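The values are calculated or read from the model by the stated rules, or taken from the named source; none is laboratory data. Since we're looking at a predicted model, the values are computed, not measured. All Cβ positions, glycine included, derive from the backbone under ideal geometry; neighbour counts span all protein chains shown.
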Amino acid sequence: MNRAQQPSSLEQVRLWVQQARRIAVLTGAGVSAESGVPTFRDAQTGLWANFRPEELATEEAFRRDPRRVWDWYAERRAAMAAVRPNAGHVALAEFQQRHPGRLTLITQNVDGLHQKAGSMGVLELHGDLMVDRWLNPCLNRDLHGGEVAACNTAAAVPGRPPYCAECRNLLRPAVVWFGEMLPPGILAAAEHAASVCDLMLVVGTSGMVYPAAGLAVQARQAGAQVVVINPEPTDLDEVAHLRLTGPSAQWLPLLLAD
């Protein structure tokens, strides 16, 4: 085949999409940034510009100054209220709806925009910004020392942060902080999706954060086609069979259209 007859990158990836029985998609901060969500470090503005992310996103920071960390996350949550999914989020959700069971969506983002767009079964590697969980195990115990149901987060006493009236435990955002392990079940599901997919799209991520970035390597080693979609070069470009330069809101609707 001569150069004139070779398919374009767009045509090639569209063909891979059509042929793939299983597709895995890994999304990162760049996808959310296209909706106006600041990346983690870009969120350090105003009052928060004086703090390093590590001072606001570790368990140690929260235990040292719970109110400061809670207030920072409360501000981030409030900023998300007006943010809407972009065309990339919508393209992924609509593809899932048209092709049930074919596309597994794995995200490093914590903003819930994929779910807002209608995506189902999203594997949130780094947690959910809009959900709370207890800082410590919060179990009431009966007189015989047996465990009963955990304290209900919805019944927490309002505060900055809210707390359990019985054991004084604190609520914290259900996100993965620096130094914490990814949720084991979600990571295992993501690794399985990477190992069995025919095609992996790596979208809007620098490829610098592990173990998330390792999913692309795993997919390639398992025989899948790997495509990187990002405006700038990434650490996973050498892993990819093809690279599409530009925003996900531009490429995903083109790639995933029937």
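With respect to the conditions (1) under 16 Å from the mean Cα position of the chain (by Cα); (2) among the polar types (S, T, N, Q); (3) not in a loop (DSSP other than H, G, I, E, B), Ser206 falls short on a single one, namely (3).
From the list Arg160, Arg220, Arg168, the one residue that fits, being assigned to a loop (DSSP other than H, G, I, E, B), free of Cβ contacts under 8 Å to residues at least 40 places away in the same chain and of a type in the set (Lys, Arg), is Arg168.
Where helices (runs of 4 or more DSSP H) fall wholly inside the stretch 13-122, no range has 2 or more residues that are in contact with a Lys or Arg (Cβ under 6 Å, 6 or more places away or on another chain), closer than 18 Å to Pro253 by Cα and at pLDDT 95 or above. Do we find a residue being in contact with a Leu (Cβ under 8 Å, 6 or more places away or on another chain), closer than 23 Å to Trp134 by Cβ and crowded, with 22+ Cβ neighbours inside 10 Å anywhere in the stretch 180-193? Checked the stretch 180-193: no residue is in contact with a Leu (Cβ under 8 Å, 6 or more places away or on another chain), closer than 23 Å to Trp134 by Cβ and crowded, with 22+ Cβ neighbours inside 10 Å. Of the residues making up the stretch 201-258, not one is surrounded by 24 or more Cβ atoms within 10 Å (Cβ to Cβ) and of a type in the set (D, E, K, R).
Filtering the stretch 123-134 to residues that are at negative phi and in a strand (DSSP E or B) leaves Leu123, Glu124, Asp128, Leu129, Met130, Val131, Asp132, Arg133, Trp134. Within the stretch 223-251, the residues that satisfy the criterion of being in contact with a strand residue (DSSP E or B) (Cβ under 7 Å, 6 or more places away or on another chain) and assigned to a helix (DSSP H, G or I) are Ser248, Trp251. Quick one: what pairs do we get from the stretch 102-120, first residue on the phi > 0 side of the Ramachandran plot, second surrounded by fewer than 21 Cβ atoms within 10 Å (Cβ to Cβ) and not small (Gly, Ala, Ser), C-beta under 6 Å, 6+ apart or different chains? Here the result reads Gly112/Met130, each pair linking the stretch 102-120 to a residue that is surrounded by fewer than 21 Cβ atoms within 10 Å (Cβ to Cβ) and not small (Gly, Ala, Ser).
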